[in-house]
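The values are calculated or read from the model by the stated rules, or taken from the named source; none is laboratory data. Predicted model, so just to flag it, every value in this text is computed and none were measured. Positions of Cβ are generated from backbone atoms using ideal geometry, with glycine treated the same way; all protein chains shown enter the neighbour counts. Just so you know, the surface numbers come from the protein's heavy atoms only, side chains and all, with ligands and any DNA or RNA stripped out. Shrake-Rupley method; radii C 1.70, N 1.55, O 1.52, S 1.80 Å.
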Amino acid sequence: MPKGVLNLVHGGRDCVDALLTHPRVKAISFVGSTPVARHIFETGTRHGKRVQSNGGAKNFVFLMPDADVENSVRGVVEGAYGCAGERCMAASTAVVIGDAAKKVLPSLVEAARAI
């Protein structure tokens, strides 16, 4: 990647607000608490930025159309329900891409109901 394409910036509210309002910052991505995600989304979009703001989210699992159904379902169930979901790598959000919904979701629903 060319220099400056991706930047990680750590800081408090002043730093965040500076990024959200700066005209040279084109996009913001955030994962964290719902109140902060709401602030980032509202402020960033009001200033014309592309904003990805995931409140209350932890770890995403992406299920692609060519996914191995059995392994995918097992991975999602173990990630979401293993240790009662109380671990830092708990898969809190599954994103189903395209035709994966037809293939994976029925088995995933069945597995969740069986718990």
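Of all residues in region 18-43, which are among the aliphatic types (A, V, I, L, M) and buried (at least 18 other Cβ atoms within 10 Å of the Cβ)?
Residues satisfying the conditions are 19, 20, 28, 37, 40.
Checking residue 100 against (1) among the aliphatic types (A, V, I, L, M); (2) surrounded by 15 or more Cβ atoms within 10 Å (Cβ to Cβ); (3) at pLDDT below 80: exactly one of these is not met. Which one?
Failing condition for residue 100: (3).
Working only within region 76-97, note down all residues that are open to solvent by less than 80 Å² (accessible area, probe 1.4 Å) and of a type outside the set (Val, Ile, Thr).
Listed by number, the residues that qualify are 79, 80, 82, 85, 90, 91, 92, 94.
Whether any residue in region 45-55 is open to solvent by 60 Å² or more (accessible area, probe 1.4 Å) and aliphatic (A, V, I, L, M) is what I want to check.
no
Does residue 73 qualify as being closer than 27 Å to residue 110 by Cα, touching a residue at least 24 places away in the same chain (Cβ under 8 Å), open to solvent by less than 90 Å² (accessible area, probe 1.4 Å) and over 15 Å from the mean Cα position of the chain (by Cα)?
Against the criterion (closer than 27 Å to residue 110 by Cα, touching a residue at least 24 places away in the same chain (Cβ under 8 Å), open to solvent by less than 90 Å² (accessible area, probe 1.4 Å) and over 15 Å from the mean Cα position of the chain (by Cα)), residue 73 qualifies.
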